[in-house]
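Enquirer: Here it is: the structure, laid out below.
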Amino acid sequence: MTTNNSIEQHDILIIGAGPAGAVAAALLRRRGHQVLVIEREQFPRFSIGESLLPQSMAYLEQAGMLQAVVEHGFQFKNGASFVCGERQTAFDFRDKHSAGWGTTYQVQRADFDHLLAQQAELQGAEIRYRHSVTAVDLAGERPRTQVRDADGREYTIESRFILDASGFGRVLPRLLDLERPSGFPLRGACFTHIADGIRDPQFDRNKIRITVHPEHHDVWYWLIPFAQGRCSIGVVAESSFLAAIDGDETHKLRTLVMQDPALRALLQHAEWDTPARAISGYAANVTSLWGKNFALLGNAGEFLDPIFSSGVTIALKSASLATETLARMLAGENVDWETDYAAPLKNGVNTFRTFVESWYAGGFQKVIFHEQQEPAIRRMISAILAGYAWDLSNPFVSESKRRLTALESICA
C-alpha cells in the first residue's frame, strides 16, 4: 500500500451514496455547494428495504429526482395489507389524514439506489465508488477525513462539513464512539427475492403484505411485489428464534414461510431462485445525531425496525432537514443543530418507535384487526403508515403514546 499525503479541499463531504447520501448531495448541489460523496461499494449493489412510503416522494421531488423515479417502471404502491390467520385488513394510503402523496413504489434497491446516485451526479455531485473512510479528525477548524481507494492508496480530505449517510456501515458512530443500545430486543431477518408465481386474482400487487406468524405474534413476514412477477420475501423474529431453526438462511426462510397456510398457498408456484440472506442486530441508536462539523443521516444515526418500512423515509427526511440546516449555517446564520435538526427528526422517529413497540407487544395488531374501526382514526393511522410521522395535526403524532395506548384499551 502506498500513501499519498496530499490533502484535497472540498466543500461538503458525504459518506455513503445510498438514498440519504444521494438526496443530500442533490439538495446541496441545488443550493450551489460543491459535494464529494465517498461510497464503499460499487453500484448497483444489493440492499434491503424495498417498500417506499408516500411521504418519501416529496423529498425525491425536492431533490429533482421524481421524474426519473416515476419513469423507471418500478412497481406502483398505494397501501399495505395485514394478514393474521383468517383476519385481514388493508390501508389505502390515498385515504389518510395528512395532505400529500398517497402513492409510491416498491423498488429493487439495487436499481433504485443506483438511479438516485446517477441523478445526484447529473446535478454535479462527484461520487467515488469503492473508496472507504478509515479515520476522521475533528480537532481542527475543518474536519479531516482519511480515505482508502480500491487500490489501497490513502489520501486525506479536508472539508467544511461531513454528512454521514453510511447506513448500516455507521462510519462516524464507530469511529467517534457514538453508538449506544437501541432498547429493542435482538432481532434478525432472513430474506430473498423470488419469482413469486402468484396466480391468486385477489392478491393486490399494489400493496406490501404483512403477515403475522400463525403461532407467534412477534414473528412476521413481509411480501413486497415487484414488477415482472418477482417479489421480496422475508421473515423477522428474535435472533434466538431464528437460530433454533436448522439449516442455512434459505432453509430457515422457506421453513417459516411454509408454516403460514395463506403464504404457503399464495407462493405454491414460486421459484426460489436466489439464496436467502440474513441480518441480525440491526436496531441501532447513537448518543447524538450531530457534533462539531458533522451530522448523521438515516440509518447511520438510528434504525428502528423494518415492520413499517420507515427506513428510507427517515433517511430522506434527515437529508432534507440536515441540508436545510447546513445551508443556513454555510450562509453565515447561527443555527442550533439540536433544535433545527435533531429534535425535529426525532419527533417523527419517536412516533414510529411508539407504533413499532406496540406492534411487537401485540396492541397495535389488535387495533388494525379490530372489526369496528372509526373512519377518522383509521385515516390518522393510515397517514402514519404512509410515512407522515411528522404531521403534528395528527393526534397520533402529537400525542402518539397516549392516543395509541387509549385505542389499544378500546380494541382489547
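Enquirer: Across the stretch 385-404, what is the total count of residues that are in contact (Cβ under 8 Å) with a residue 40 or more places away in the chain and part of a helix (DSSP H, G or I)?
Expert: The total comes to 6.
Enquirer: If a residue has to be assigned to a helix (DSSP H, G or I) and aliphatic (A, V, I, L, M) to count, how many in the stretch 49-59 make the cut?
Expert: 2
Enquirer: What about Gly32, is it at pLDDT 95 or above, closer than 16 Å to Phe161 by Cα, among the small types (Gly, Ala, Ser) and within 18 Å of the chain's Cα centre (by Cα)?
Expert: No; evaluated as a whole, the condition is false for this residue.
Enquirer: In addition: Take the residues in the stretch 330-356 that are outside any loop (DSSP other than H, G, I, E, B) and free of Cβ contacts under 8 Å to residues at least 24 places away in the same chain, then tell me which one is most open to solvent (accessible area, probe 1.4 Å).
Expert: Applying the filter and picking the extreme gives Thr339.
Enquirer: Step by step: first the residues of the stretch 188-197, then only those that are open to solvent by 20 Å² or more (accessible area, probe 1.4 Å) and either among the β-branched types (Val, Ile, Thr) or in a strand (DSSP E or B) (or both), then the one that is nearest to Val236 (Cα to Cα). Which residue is that?
Expert: His193
Enquirer: Filter the stretch 161-183 down to residues that are surrounded by fewer than 22 Cβ atoms within 10 Å (Cβ to Cβ), touching a helix residue (DSSP H, G or I) at 6+ places or on another chain (Cβ under 8 Å) and of a type in the set (A, V, I, L, M, F, W, C) and give me whichever is nearest to Ser310 (Cα to Cα).
Expert: Only one residue fits best here, namely Phe168.
Enquirer: Can you pull out every residue in the stretch 60-92 that is open to solvent by less than 80 Å² (accessible area, probe 1.4 Å) and assigned to a loop (DSSP other than H, G, I, E, B)?
Expert: Ala63, Gly64, Met65, Gly73, Phe74, Asn78, Gly85
Enquirer: Continuing with this model, one more query. For Ala412, all conditions in the list (1) open to solvent by 40 Å² or more (accessible area, probe 1.4 Å); (2) touching a residue at least 60 places away in the same chain (Cβ under 8 Å) hold save one; what is the number of the exception?
Expert: Going through (1) open to solvent by 40 Å² or more (accessible area, probe 1.4 Å); (2) touching a residue at least 60 places away in the same chain (Cβ under 8 Å) one by one, Ala412 breaks only (2).
Enquirer: While we're looking at this one, here's another question. Could you identify the single residue in Arg87, Arg128, Arg180, Arg94 that is among the basic types (Lys, Arg), at pLDDT 95 or above and under 23 Å from Ser318 (Cα atoms)?
Expert: The match here is Arg128.
The values are calculated or read from the model by the stated rules, or taken from the named source; none is laboratory data. Remember, predicted model here, so these are calculated numbers, not experimental data. FYI the Cβ positions are ideal-geometry reconstructions off the backbone, even for glycines, and counts take in every protein chain you see. Only protein heavy atoms, including side chains, enter the accessible area calculation; ligands, DNA and RNA are left aside. Shrake-Rupley method; radii C 1.70, N 1.55, O 1.52, S 1.80 Å.
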